[in-house]
Amino acid sequence: MTTVGADGTTKRGSMGWLPKIAIGAVVALVLGFLFLGSGGDVGSSEARRLVEGGALLVDVRTPAEFSARHIPGAVNIPLSELDARMNELGPRSRAVVLYCRSGNRSAQAARILEGAGYSRVHDLGAMSRW
């Protein structure tokens with residue numbers, strides 16, 4: 001932005017701090033969506049192959065979300081109950097495929113399971129990727 005002072009000189013000013021913060025927030029949101037958004041670490045065809053091969057398909061959404069719509073064959077273990085219900089997953093060596101609505105909760109669930117020693121955790125991300 002260029003301004004003209006009272007003495008006739010031109011000055012190049014800055015945009016100010018508020019627009020810079022707004023631009024930074026938008027960039028952060030876009031990057032967050034790209035890297036943490038709907039996509040997990042496994043694609044649709046790979047997730048299906050894993051489940052067909054015996055992996056447990058786990059929906060980590062709420063029971064209400066699960067009852068409204070879910071992938072056939074999935075079990076519902078909400079993220080908020082995962083610590084208490086981990087024994088339902090079977091041995092820590094069993095492959096587990098996780099999903100949720102947007103990919104956020106399934107990513108959190110994957111970190112929890114990996115931290116608990118599960119070695120074959122796969123995050124599909126959003127249910128729509130199935």
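Quick notes
- Gain upon complete extension [ARG129, ASP83; 0.36 nm per residue less C-alpha separation]: 14.0 nm
- Calculated translational diffusion coefficient of region 44-129 (10 °C, 1.306 mPa s; Stokes-Einstein with Kirkwood radius over alpha-carbon pairs) equals 127 µm²/s.
- Remark on GLY40: its backbone amide H falls under 5 Å from those of GLY125, ALA126, a criterion applied only to residues 5 or more positions apart or on other chains, H modelled at 1.01 Å from N.
Bear in mind these aren't lab numbers, they're just calculated from the coordinates by the rules spelled out. Values in this document were obtained by computation on a predicted structure and should not be read as measured data.
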